[in-house]
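Each remark here refers to the structure printed beneath this line.
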Amino acid sequence: YLEGVFRFYSYYDTIAAVSKGTMENNRENLALLFDLPADKFTYINNSINIEQILTGANENIELENCFTQFDGVKFINMGRMSHEKDQNKLIQAFAIVKKKYSSVRLYILGDGDLRVDLERKIENLGLTEDVYLLGQKENPFAYLKHADVFVLSSNHEGQPMVLLEALTLGLPVIATDIVGNRSVLEDKYGKLVENSEKGLVEGMVSFVEEGSPLIKFDASEYQKEALNKFYSIIY
């Protein structure tokens, strides 16, 4: 299916990726293979709805008791339950962290084809009181606001909106070191870790023991730059 999409790229004047890293990756892998001029590739960062994120975070909604009545470290993940997002790897890593620290929990927002597999994984690891699949939420931002750290375990990302949303709320971030995640965090807004179970364990352990030296993410400045880039390409 993707190959069919790529073959249509020759008919377009510009091919815009959602981040600089993704653009470079696409240019390297697609230009020669599909006979595309290198200068046809550009990028426009995703824009974010700052008002919606902040308003949602402050909305007075009822959160689950397993979330509000826990005083330890709350790790949170949000996304489609799929091989690309790889919550399976995250749960396995969390199981190791849980053996080291008793007062930690993992919450996963979202749904998908792998939900049953993840539920089985949680049960087999004896984590039914420690890992909670909270499902799809109309307003996930209230959960992000009350979590301690966002963990993204993805194997593939273009430019992950969830990282931008978490950063807008001032939430510390741990993310696998892949092109899309690196394009957002830039090695300064959060902790990039090896894309493996071991890497996620090290990131979570580091947060529990040392916290996160957070460099403030300026959402308004980011939005301004993203829109200016969009308008410069369109016009």
Glu165 within 14 Å of the chain's Cα centre (by Cα), closer than 21 Å to Asn45 by Cα, of a type in the set (D, E, K, R) and at pLDDT below 95: no
Any hit, the range 195-205, residues being on the phi < 0 side of the Ramachandran plot, in contact with a strand residue (DSSP E or B) (Cβ under 7 Å, 6 or more places away or on another chain), part of a loop (DSSP other than H, G, I, E, B) and open to solvent by less than 40 Å² (accessible area, probe 1.4 Å): no
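Would you call Ile76 closer than 23 Å to Ile233 by Cα and touching a Phe, Trp or Tyr at 6+ places or on another chain (Cβ under 7 Å)? Steps first, answer last, please.
Details: closer than 23 Å to Ile233 by Cα: no; touching a Phe, Trp or Tyr at 6+ places or on another chain (Cβ under 7 Å): yes.
Considered against the rule, which asks whether it is closer than 23 Å to Ile233 by Cα and touching a Phe, Trp or Tyr at 6+ places or on another chain (Cβ under 7 Å), Ile76 comes out as no.
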Set Lys85, Lys89: member being in a helix (DSSP H, G or I) and either of a type outside the set (Ser, Thr, Tyr) or within 22 Å of Gly180 (Cβ to Cβ) (or both): Lys89
Some residue of the range 1-20 being at pLDDT below 95, under 30 Å from Asp148 (Cα atoms) and not charged (D, E, K, R): yes
Residue, least open to solvent (accessible area, probe 1.4 Å), within the range 83-117, restricted to residues that are under 17 Å from Glu157 (Cβ atoms) and out of contact with any helix residue (DSSP H, G or I) (no Cβ under 8 Å at 6 or more places or on another chain): Gly110
Checklist (1) open to solvent by less than 30 Å² (accessible area, probe 1.4 Å); (2) farther than 23 Å from Asn181 by Cα; (3) assigned to a helix (DSSP H, G or I) applied to Asp39, failing item: (1)
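Residue by residue, here is whether (1) hydrophobic (A, V, I, L, M, F, W, C); (2) in a loop (DSSP other than H, G, I, E, B) holds:
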| site | (1), (2) |
| --- | --- |
| Arg120 | no, no |
| Glu123 | no, no |
| Leu144 | yes, no |
| Ser154 | no, yes |
| Gln159 | no, yes |
| Asn228 | no, no |
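How many residues does the range 2-21 hold that are part of a helix (DSSP H, G or I) and either more than 24 Å from the chain's Cα centre (by Cα) or farther than 19 Å from Val184 by Cα (or both)? Full working, then the answer.
Of the residues in the range 2-21, the ones part of a helix (DSSP H, G or I) are 2-7, 9-11, 20-21.
If we keep only those that are either more than 24 Å from the chain's Cα centre (by Cα) or farther than 19 Å from Val184 by Cα (or both) as well, we get 2-7, 9-11.
Within the range 2-21, residues that are part of a helix (DSSP H, G or I) and either more than 24 Å from the chain's Cα centre (by Cα) or farther than 19 Å from Val184 by Cα (or both) number 9.
Looking at Glu51, Glu28, Glu24, can you tell me which residue is closer than 25 Å to Glu186 by Cβ, among the acidic types (Asp, Glu) and modelled with pLDDT of 95 or more?
Values: Glu28 fails: modelled with pLDDT of 95 or more; Glu24 fails: modelled with pLDDT of 95 or more.
Result of the check over Glu51, Glu28, Glu24: Glu51.
Kindly indicate the residue of the range 210-224 that is charged (D, E, K, R) and either free of Cβ contacts under 8 Å to residues at least 12 places away in the same chain or surrounded by 12 or more Cβ atoms within 10 Å (Cβ to Cβ) (or both) and also farthest from Leu185 (Cα to Cα) among those meeting that condition. Please lay out each step first, then the result.
Quick first cut of the range 210-224, residues charged (D, E, K, R) only: 210, 216, 218, 221, 224.
Going one step further and asking which of them are either free of Cβ contacts under 8 Å to residues at least 12 places away in the same chain or surrounded by 12 or more Cβ atoms within 10 Å (Cβ to Cβ) (or both), we end up with 210, 218, 221, 224.
Numbers: Glu210: 19, Asp218: 12, Glu221: 15, Lys224: 17 Å.
Checked the range 210-224; the qualifying residue farthest from Leu185 (Cα to Cα) is Glu210.
Quick check on this structure: which one of Asp177, Asp187 is modelled with pLDDT under 95 and open to solvent by 10 Å² or more (accessible area, probe 1.4 Å)?
Being modelled with pLDDT under 95 and open to solvent by 10 Å² or more (accessible area, probe 1.4 Å) holds for just one of Asp177, Asp187, which is Asp187.
The values are calculated or read from the model by the stated rules, or taken from the named source; none is laboratory data. It should be emphasised that the depicted structure is a prediction, and the values quoted were computed from it without experimental measurement. Methodologically, a virtual Cβ is constructed for each residue, glycine included, from the backbone with ideal geometry; neighbour enumeration extends over all protein chains shown. Protein only, heavy atoms only, side chains kept; ligands, DNA and RNA dropped before computing areas. Shrake-Rupley method; radii C 1.70, N 1.55, O 1.52, S 1.80 Å.
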